[in-house]
Each structure stands twice: as C-alpha cells, then as structure tokens.
1. So which of A:N154, A:N124 ends up being within 14 Å of chain B (Cβ to nearest Cβ), in contact with a Gly (Cβ under 6 Å, 6 or more places away or on another chain) and either buried (at least 17 other Cβ atoms within 10 Å of the Cβ) or in contact (Cβ under 8 Å) with a residue 12 or more places away in the chain (or both)?
2. Quick check on this structure: which one of A:L171, A:L208, A:L184 is crowded, with 19+ Cβ neighbours inside 10 Å and either in contact with a Ser or Thr (Cβ under 7 Å, 6 or more places away or on another chain) or in a helix (DSSP H, G or I) (or both)?
3. Of everything in the stretch A:171-181, what is within 33 Å of the chain's Cα centre (by Cα) and within 15 Å of A:N144 (Cα to Cα)? Give them in sequence order.
4. When you look at A:R340, is it part of a helix (DSSP H, G or I), touching a helix residue (DSSP H, G or I) at 6+ places or on another chain (Cβ under 8 Å), of a type in the set (D, E, K, R) and closer than 28 Å to A:V443 by Cβ, yes or no?
5. Is it true that A:R365 is among the basic types (K, R) and surrounded by fewer than 17 Cβ atoms within 10 Å (Cβ to Cβ)?
6. Report every pair of residues separated by at least 6 positions or lying on different chains whose Cβ atoms are under 8 Å apart, first residue within the stretch A:247-269 and more than 12 Å from chain B (Cβ to nearest Cβ), second of a type in the set (S, T, N, Q) and surrounded by 24 or more Cβ atoms within 10 Å (Cβ to Cβ).
7. Of these, A:I392, A:I367, which one is over 25 Å from the mean Cα position of the chain (by Cα), β-branched (V, I, T) and within 14 Å of another protein chain (Cβ to nearest Cβ)?
Amino acid sequence: MARALVISIFLTLGLMGGAIAQSPDQSPDQSPVQSQSLGQLVAKLPDGGYDDRAEIVHQIAATGDPRAIGILEALSEGDIRQLKSDKSVVRVEKGGAGYLLFDPVTGDALGEVKRRGAKKVKVNNGLRREIAAALGAMTLMSANPDRRLSAAQNAFATGNPEQIPALDAALEAETVKEIQIALLDARAASVMQSDLPVTEKIAALDRLAARGDRDALSIIIAAASDPDPVVAEAAASAQADVERVRAMWSNAQNVWYGLSLGSVLMLAAIGLAISFGVMGVINMAHGELVMLGAYATYMVQEVIRTSAPHLFEYSLLFALPIAFCLSGGVGVAIERGVCRWLYGRPLETLLATWGVSLILQQTVRSIFGPTNKEVGNPDWMSGAFEIGQLSITYNRLWIFVFALVVFASLLLILKKTPIGLQMRAVTQNRRMADAMGVKTGWVDAMTFGLGAGIAGLAGVALSQIDNVSPNLGQGYIVDSFMVVVFGGVGNLWGALAGAFTLGVVNKFLEPYAGAVLAKVLVLVFIILFIQRRPRGLFALRGRAVES
Amino acid sequence: MNKLMKSAVIGLAAAAIGTGASAEEDPIKVGILHSLSGTMAISETTLKDAMLMLIDEQNKKGGVLGRQLEPVVVDPASDWPLFAEKARELLEVEKVDVVFGNWTSVSRKSVLPVFEELNGILFYPVQYEGEESQRNVFYTGAAPNQQAIPAVDYLMAEEEVERWVLAGTDYVYPRTTNKILEAYLKSKGVAEDDIMINYTPFGHSDWQTIVSDIKTFGSAGKKTAVVSTINGDANVPFYKELGNQGISATDIPVVAFSVGEEELAGLDTAPLVGHLAAWNYFMSVDTEENEEFIEAWQAFIGSEDRVTNDPMEAHYIGFNMWVKTVEKVGTTDVDAVIDGIVGVSVPNLSGGYSAMMPNHHITKPVLVGEIQDDGQFDIVWETSGLVVGDAWSDYLPESAPLISDWRAPMSCGNFNTETGACGGLAN
C-alpha cells in the first residue's frame, strides 16, 4: 500500500511541470497506471472492500489529473454514490427531490434522483486517512496556500520517509514562512522513519524537540527505541526536555481548565448569591431558571433559523435580553406567588421552591418534549487556538469573559444605581428602609427577579457547552449552593473567589483522583472548611450578620 | 389546598372507574413501564410512544386472539425503587399479561424480584452488561458479545488500533462491560499499559481534563481508540469537547455503545463525522421493513424529524415475538408463553429474522456505523451472520463456565458446567 502511494507521489511531482496541462486521456503513453482513464477508475470504486477502494484511490491520485483532487475530496465527503438503477457512479449534491447528480469526472449535470435511489460508496476512517495522504501528495505544490499548508500537515502526520524528495522540492518553491515551517517539520518527521545518516536524524530530532507538541513527542518516543545507540540517546534526552516543558504547560493548562470550570460555576451561582446570599431565600428552582434561559436561546435560534438565517452568528446576543426577561419574569412570579408568603421559614421555602422546580421541569418537558434540543454554536464560539502549548477553546474563553462581565455589571448595579441602593438598604435593615419610604415588597421582587434574570443569562452560556434538556438545571443546583456557602453568604466577591477556587482545586485533583473522586474530595474539603469558618471565605461583619 | 386535594382524589377515582368500565370488553392488557419524567425520560418516553404505536397497529390488524390490546402506561419517574412499586401495580392491580419496559440496568435489577414473585413477563429492550438470565425476563437488547466485542474486533482489524481508552459513566453497565472488554483485550495480547480506564459521574459536563488526557494517552505513537460506555446526557458535552479540542475521528476514533440517533438529535454533528457506534439496528438500514417502520413511526408521532433507534427495534422484535407466541399457544397465560416463545422467530428491521434463544436472549446482526453530518449513521461494517446473545460472558473467569437454558429439563439461568449444578454464581 505504502509503495503504491510513493509511486503516485513521484509520478505526480514528475508530471507537475508540463504534463499536467494536457489531459491525461490524450497522453496515454506516460505510465502504465495511466492507461486506465479516470472515468474507468471511478466506475470501479463501489466494488470490493475498503482495501480495494484504497488501491483505486491511489491509482486515481497516480493519474496526476487535476480533476482527481475534486473526485477524491467528494469521495471523502461521501458525495460519490452509485445509482441503483444503472449502477453508474455519480457525484451528488443535496437538492431537488433528493439529490442532484453530476458526472464525477466532467462535472456535467445528470439530472436528479430520490433519496434512496443512490447508494453511497462507503468510506471509513482508514480510507479517509488514505485519501488525505494521497491528496496531501497532490496538493503540496497547489496554488492555494491553505491547501499547501494542510498538505504539509498531512505529510507530517503520515511521516512517510519516501516523501522526502517531494518535500524538498516543495520547500525550494515555497515562499510562505508558515508553510515552510510546516514542510520542515514534515521533513523531520519523515527523516525519523527513513534510513538516512545519523547526523540527519539528530538534526531532525532537534527540530522535533523545538516543536515540542504531542505529535512531535510521540515521534521522539518512538525514536528512543531506535537500534542506533546515538539516535536513541539523543531521542531520550530530547524526550526528557520536551516532557519537562510539557509538564509546565500542563500545569498552566490545569489552571485554565480550573478557571473555565470556575467561570461556569460562578455564572450558575451568582444569581443564587443574590437570592440566597442577599435575601436569604433558599431557591431550589434556581437551576430551572438557568434551564429556562437555555430554552430561550433555543427558541431564539429556531426563530432565526427559519426567518433570518444570516443573523445566526448573533443569535446569542439576541438571546441574552430575552433569557434575562423570561427567567427574571418567572423569578418575580415565584417570589410574589410563593416565597413572599414564606419569609423567615427557610424549610418551607426550600420545599415550596423544590416543588416549583419540578413543575417548571415537567412544564418544559410537556412543551418541548423530553429529548435534548440542539443549540448551535456560532462560528466564533467553536474551535480552539493555542498559546504556546496551551490549547484554549473559544467557547470556554467567551464564557469566562462573559462571566466576568456579568459579575462586573452586577457589582455596578448594586453599588451605583438607586435600585441597588434600595436593595442593600432593605437587606441591611428592612424596617428602617420601610420607614424611609422604600417599598420593601417591590424591592424584594426586583432583587429576586435580578437573581433569576442572571440565572437566565447563565442559561444562555451553558446552552453552548451542555445539553439543553429539562434536566439541565439539576446538575448545577448543588454546585451553586456549594459555591455560595463556601464563598460566604451575602457577598458577591465571595461567590467569585469561591467559584474559581473550587474550579481550580477540582481540576488539579481530577487527573489524579478521577472525576468521581475529585468531586467527593472537593465536597469533603468544603465541609472541613465550613467547620473552621462557618461563614465562608468572605464573612460579612457587623450588624447585618446578626439580623 | 384541601379543596384541590379533594377534587384530585375525585378525579382519580373517576379515572379508576373509567378504566374499570372498559375492562368489561375484556381486552388484553399490555403494561408499559418506562420513565416519563426525571433523568431517563429523555430516552424512555420515545420507547413508550413506540409501544403505543405497535399496540395501535396490532389493534388495527384485529388485535391478538380476536381481542383488542389495551396499553397500561405507568410512570416510574427515573426512580429505581419506584420501578419495583410500579411493576407490582401493573401485575397485581392492573393484572397485565405482559410488560415492556425499563432502560437502566439498576431499574431492571429493581423489578426482577417482583416479576419472579408475581410470575410476570418483562421484555427488556436495551443493550446491557449481560451476566444475567431470568425466567421471567426476555432480553431483546444486545448482550456484550452482540455489541461491545464485535465493535472492538472491527477497530482492531480495520483501524489497527493498539491502544484503548475505556471511558464510561460510573454505574453497573459500563463497569461490567469494561471488565469484560479489558479481559478480552488482554486475551488478544494488549498490554496493561495500553489500556486506560476512566469513569465519570452521571450528567458529567466538564470534559476538558479527560479529553486532554485522552489526547495525551493517544500520542504515544500507537493508534488509539476510545471505547465509550458514557451514558445519557453526558455524551453531548463529551462530543462537543472532542470537537473543540480538535480530536477528529481519523486521529482517535470513538466507538460508543449508548449513542444512537436519538442522542445525536440534540447535537451539531459536523465535528463528529467518522466517530463510530455499534448497534444491532440503525435508522439508515436500507430495507423495505425499515422504510415502513420509519414511515409508520413518523406518521404516528406526527413529525418528520423524529428518528428511530436500536431499542425501538428491540421493542418491535419483542412485541412481535410475544404476539406470535400468544397466537401460537392460543393464550396469554404467562407459563404457556414462557414455554412457547423459545425458538419463535420474527423479522427484524435489518432484513433478517431474529429468534428467541433458550437463554432468553435473541439473535441479532451487529452493525458498526460512522456518524454522518446529518445525525445519521453510515453502516461501515456488519457481522456476516446473526450473533446469538450470550448471557454469561466467556471472558470473565467467574462466568465462563455458566450457561443458561430455560427449556424443560434444565430450566436454569445459571447452570455451572464445571460443577454440573444450577446456581453457579450468586446472582
């Protein structure tokens, strides 16, 4: 298999110069593999198993025909199908009554067929890898820099020693710095598997050690068992270097994971920090308010998908105010309808709000059904980027930023606005505030509504990383209470510090203890901590505590 | 509040009288024991609807033995002890002739004593960990040798995987399955160091560390795959994290035993293309029977978007087996059905026939599918013939000598071939 690939690479490169401009059908004398036209090869694709198909893929690549790239890409995407009617092989696109048909080689339109009229030419992961490798060889000299880059990366992944001449040729022609680096890396990876002299291998090891990522490390580890003692020794020392650097980065990675988990915890808990911390109401339905926020996101996305798909990228921004109002409104209704009658009776409040939580869950289940709802990630929330060896996913980064923004705005509302002043006044001394003309009942409702609205905002963020199902809230309620109790009741800064501490501690424990035990240990840690400091991390002092 | 209570009680009484009145027509009662609320509602509600559809269709064909079928639906609310109570209610109060139900293994274990004591029949439609065979239960889902082991074989042969991550949710099904898989992999010469086992709690949502660990484990220079027994809701954030951290199926494929069409419905599947699942049925199976089933289902549920999945097919097989047996023995009597059902064979949806074996498991084909961008599976491999469900795994030393045969002379679910006695393993 590997030999066929190599032959194909040489042929491809050999043909790159002039022959490629002509159609291979008109120049049948170039090589034996080309005696079969592209059309004949494509027609044979549906026959046999995956190994036979891989063989044909290599033959298609070996034709050196530029149209082969499109065919192989379509095959990899699963768009090459065989018609059930006349067994001919076509390329399909969704459209019409089922699929629009095209000739795979010439691209001529061939009409359309029903969904079940065309059988897919099966492709599995192994074959997809072969196609990527074959494509890589064909696109190293492509005019499109993105193509060349991905070809170079593919070459690195395969590390096939016999592609070195091709890589050298590509290196000479390459002008883009980034692709040059990728080509050099690919060359180093290939050298390690070749039988080139030791000096070349040592140079390649240095290059890989400098790259220092997981893929490079795996090549270095493999080289450490090289029969040549010089290479093996160099590889072992390179391995030690790379692993030392990686250990450092992995600590940084753990801190980031912890901060990210902390930001999620904080988002879920900060609304509770208001209703439980500031007002002293144990609201078991808090998780369900988060869930309502997530469903609001779902509904907004559904409306956008059907009526204004070009706005999809901004769907989360539209969802924020709607989720805030929906959850906030439900929160005010809970406060006015249930909690108001139960102030000063924490146990009854707990039971009543737990009942409310069940009602909300089942209501959502009845309206939307019990299955998960798909909430899409906008492009700016998908994927990851790397700082050094720290890989940071965009969705976690944005949620982290969002959590901090929510926290800052909340502080601002409480400290700088009249309603914030009244909230603090009512919490600190209800009767005095009442005497000063503050409508305490109204302030209670607004405070609870604010906490609930923020739960709704958390729901928008969580819809990006978790299931949107009626059970969404249950997973967060206990964690949220943990954060508030640990951070110190009645203190927003406590919630911030508590969430991030718990997040980081959890993430450092997880690799050693496993996810289940890490959670248990964190819980034990909190219990012990509360024994020492019953009022949490940031205890309130003064008269407010006593009342 | 009091008034409300009173009216509720009156309402319930009225409902009870209502059902009492209809019992005079003497329909055959079919119990449906699936959670309609709580964490498992996501999976089990669909099965309840599937059963209602099957019963409805059978009634349109004239019922069974000339009598109409009457579904009795109860809601055990994802609460394991409540499953036992509801099962008792179905058998004692409602006097149903057969029960279709349960999803999680722990709920099945909770109802087993009830079915044994009251001599009922339970059809259990979900793939499970095996190591069980009970006279009153018919297992229409896959045993480990009908799902996990063929999937691992596929990865070894086609993807040349040498390093394995066994990731699961922390409860009985993943733990037992992983125990069997670990023993199987070792018997195939996989070293201890090349197996990583990881458990997470139900509903785990923060997968950053574990996915990054898998990435590290997979960069040791050997082809690595993840065998996932992660169950329920935790799958969505797991796959999202895989996609975000850039693990594609060509690097580290994930083969899942609990992810079907229904689970993928809540997910943007574009980054998951190529990851695998092993089942005995996929909605994408290209047969006439399946086409009809999907059409009937979507018409019954009133939505073109609803998918079908493997446990639904298991209920389809189980229900048809029961109907065929009742018609064969001419009665719904429990003992007659249990004796008569062994050997009964009905069409499955993948173009063949499934038969009930003496160990109360059925024969099924095993399919491996790759996830497509439309949330469906593309079948990339299937066993050449049907696989017989094995109640007791051959790869665990404690269960290797056990066999199960509920036919007349033996009538034993755990016969020990070494000691020659029934009751080889404390169950």
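The values are calculated or read from the model by the stated rules, or taken from the named source; none is laboratory data. All of these numbers come straight from a predicted model, not from anything done at the bench. In this analysis, Cβ positions are derived from the backbone assuming ideal geometry, glycine residues included, and neighbour counts consider all displayed protein chains.
1. A:N154
2. A:L208
3. Correct list: A:E174, A:T175, A:V176, A:K177, A:E178, A:I179, A:Q180.
4. For A:R340, the condition - part of a helix (DSSP H, G or I), touching a helix residue (DSSP H, G or I) at 6+ places or on another chain (Cβ under 8 Å), of a type in the set (D, E, K, R) and closer than 28 Å to A:V443 by Cβ - is met.
5. When the stated conditions are applied, A:R365 does not pass them.
6. A:A269/A:S480
7. On inspection, the qualifying residue turns out to be A:I367.
A quick yes/no check of all residues on (1) in a strand (DSSP E or B); (2) in contact with a His (Cβ under 7 Å, 6 or more places away or on another chain); (3) among the small types (G, A, S):
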{"position": "A:L41", "(1), (2), (3)": "no, no, no"}
{"position": "A:Q59", "(1), (2), (3)": "no, no, no"}
{"position": "A:Y99", "(1), (2), (3)": "yes, no, no"}
{"position": "A:V105", "(1), (2), (3)": "no, no, no"}
{"position": "A:E112", "(1), (2), (3)": "yes, no, no"}
{"position": "A:A133", "(1), (2), (3)": "no, no, yes"}
